[in-house]
Structures are given as structure tokens and as C-alpha cells.
1. Any chance you could give the angle, 0 to 90 degrees and rounded to 10, that helix 137-151 forms with the longest Cα principal axis of the chain?
2. With a cap of 11 neighbouring Cβ atoms within 10 Å, and only residues DSSP puts in a loop, list the trypsin sites (Lys or Arg not before Pro) found in segment 3-39.
3. Kindly write out, for segment 91-104 in residue order, the coupling ³J(HN,Hα) from the Karplus curve 6.51 cos²θ - 1.76 cosθ + 1.60 (θ = phi - 60°), rounded to whole Hz, with x marking Gly and Pro.
4. Kindly identify segment 182-251 as rounded, prolate or oblate by the Cα gyration tensor criterion: order the square roots of the eigenvalues as a ≥ b ≥ c, call it rounded if a/c is under 1.5, otherwise compare a/b with b/c, prolate if a/b is larger, else oblate.
5. Within the chain, what is the number of lysine pairs with alpha carbons under 30 Å apart, leaving out pairs fewer than eight places apart on the same chain?
6. Helix-only estimate, please: 222 nm mean residue ellipticity of the chain, summing -39500 (n - 2.57) across DSSP H runs of length 4 or more and dividing by its residues, to the nearest 500.
7. Convert each backbone phi in segment 152-166 into a coupling constant with the Karplus relation 6.51 cos²θ - 1.76 cosθ + 1.60 (shift: θ = phi - 60°), then list the ³J(HN,Hα) values in order as whole Hz, x for Gly and Pro.
8. Hey, what do the phi angles of segment 109-120 turn into as Karplus ³J(HN,Hα) couplings, whole Hz, using 6.51/-1.76/1.60 and θ = phi - 60°, x for Gly and Pro?
Amino acid sequence: MTFPHRHLLGIEALRPDEITTLLDLADQYVTLNRLPDKHADALVGLTQINMFFENSTRTQASFEIAGKRLGADVMNMAMQASSVKKGETLIDTALTLNAMHPDLLVVRHPHSGAVDLLAQKVNCAVLNAGDGRHEHPTQALLDALTIRRAKGRLHRLSVAICGDIAHSRVARSNILLLGKMENRLRLIGPPTLMPAGIAEFGVEVFDDMQEGLKDVDVVMMLRLQKERMDGGFIPSEREYYHRYGLDEDKLRSAKPDAIVMHPGPMNRGVEIDGTLADDINRSVIQDQVEMGVAVRMAAMDLLAQNLRLTRGAA
Ligand code: ASP
């Protein structure tokens, strides 16, 4: 079995060859998604439930589209209107849904570790769509696919991840994935937004954009995660943009063919200049969104294959 996992909870559990397997399959789904008929049958007969306890635009939409293109019956739980509002615990909600025999559960939750906990209580495959500041595996995988297609490889690249590293699950999953694939990582941001002990992960840390961006192949910008900040981490957004916002001028330090990435949602004029974000010669932000659908199709396809095998053997 080339992808022997019951769940996709984080990048931490994946081996480099498993990441490659998933990205190779996602490449095939990119091709399918560009055809007029975008249907395949990998998930026919299966039920997919999306449970988002935190806001989402791209991730929720792309998991829904991914499931539908592969033939699953997809249900989006409206968590705002659910019994969670009446005090039901996450586990009780999960057990209730579990009794309806879903096959794939896609979960986003504001608490780190909540999705892992839930996965222990249900019989189906669970995909982590972002838990607190812990992991966002499908984001790192879609970033990896975008980089691999733009640069022709996913190793020996110099990648800068910039901004609010401390509160970002996107940064964490990307650091794990890009590290496993043997890339050079540079983290750039104010010391207040840098997690303690991060240098132990084998990354270089900078608090100056020009210095940190020097000769990098990939520039990954992050949003200021204000919802996870409980104090004044930056003097002001204006000051932050001046020092850490990506614009043409700062980008000149990177390689001339460096690509610009952002997971979204983007705050123009806070972490990135709006014109640069829209410049299709530098920015691959829309490609990231396209890759997101393909990567989620690949992830659900691989997990469903395992599900069928284990059920067949039972
Ligand atoms: N959409 C990403 C996430 O859910 C990044 C962000 O919100 O800034 O983590």
C-alpha cells in the first residue's frame, strides 16, 4: 500500500514518498479538473461530511467541490446552527454523526489537537482542515504541488515563510513538509511572532525582510492571525507593512524568478501589496486555489482506497 493511513491529521505522520504519491495523484486531478467533464468515481457510494467550527472560504468550498467531483454524497454541517450552540460537546456531535455512517469527515476546529481527538472516536476517515495553530495538512500539500509545478522540483529550494509564524498552522505544516523534502527554510518576521525554540527545526530565522529574502526561490506570505492574538504583538498595521509587508522593493532581494504565495485570506496593504498579489508573472496565489481542489481529491481518494481495503478485510 503506497499511502497506508486511516486519517490525514497532519504532515508530521507522512513520509516523503507518501507525499510524492499524493502529489502525483493530485497532478492527474489537475488535468481532470481542466476538462469540461470533471467527474470521476473514486468516492461513489461514500458519504462525506464537512464540519467547520471556524470560518473558511477556500478550504470548505474546495473540499465540497472535490467530494462532488469524485461522486461522494457531500453534506456541509452548518455548525453555527447546530447543537454545538446548545452546549453539545465536540465528541457528542461526532458520535451522533458517526451513527449516520459517514465515510469521510472533514473537520476544522479552533483548538489544536481537537481533530486528532475526534478521529479516535469515529469509524470513518478524518481529514484535518485546520486545527488551531497546530496543522493544516492539505494547505501544505497544495502549496507543495504549486511549488513543484512552478519550479519543476520540490527539493533543494530556498523557501522563505514570512510574517505571523507563531500563530500559523499553515507555517507549521509547511515547515514540516518542506523540511521532509530537503529544502532550505528561512523564517522571517518580528521576534514577537516567532515561536520559541523554532531554530531547533533546522530553519534560519530573520527579522529583516531584505536579508531573509536574499536569493530565495519561493516567498510564502502569511496573514496576521489576529483571532489567535491576545495582546499587542505588533505596534500598528502600518508599521508592520512598512517592515514586513511584501512589495516590489523587498521582493528584489529574492531570485528574479522567485514565486510569491499566500494561503488566503489576504489582507492587502498589511502583509502584501495588492498589485504584487495580482501580478500573474510573480504571484501563484490563484494557482494555489486551483491546486487545493486537486490535492483534496487526491487525499480523499487515497483514504477511501484504504477504507475499502480495511472494510473488505473485516
Ligand atoms: N486559511 C488559512 C488557515 O485556515 C490561513 C489563514 O487563515 O490565514 O489557516
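Derivation of every value follows stated rules applied to the coordinates shown; laboratory data play no part. Predicted model only: the values in this text are computed from it and were never measured. We place every Cβ from the backbone using ideal geometry, glycine too, and count neighbours over all the protein chains shown.
1. 60 degrees
2. Values: sites: Arg6, Arg34, Lys38; in loops: Arg6, Arg34, Lys38.
Sparse-neighbourhood loop trypsin sites (Lys or Arg not before Pro): Arg34.
3. 5, 5, 4, 5, 5, 4, 5, 4, 5, 8, 6, x, 9, 10
4. Numbers: a/c = 2.09, a/b = 1.20, b/c = 1.75.
Judged from the Cα gyration tensor, segment 182-251 comes out oblate (a/c at least 1.5, b/c at or above a/b).
5. 21
6. So the calculated ellipticity at 222 nm is -12000 deg cm²/dmol.
7. For segment 152-166, the Karplus curve yields x, 7, 10, 9, 6, 10, 9, 10, 9, 10, 10, x, 7, 5, 4 Hz.
8. Once θ is set to phi - 60°, the couplings for segment 109-120 become 8, x, 9, 4, x, 5, 6, 4, 4, 4, 4, 6 Hz.
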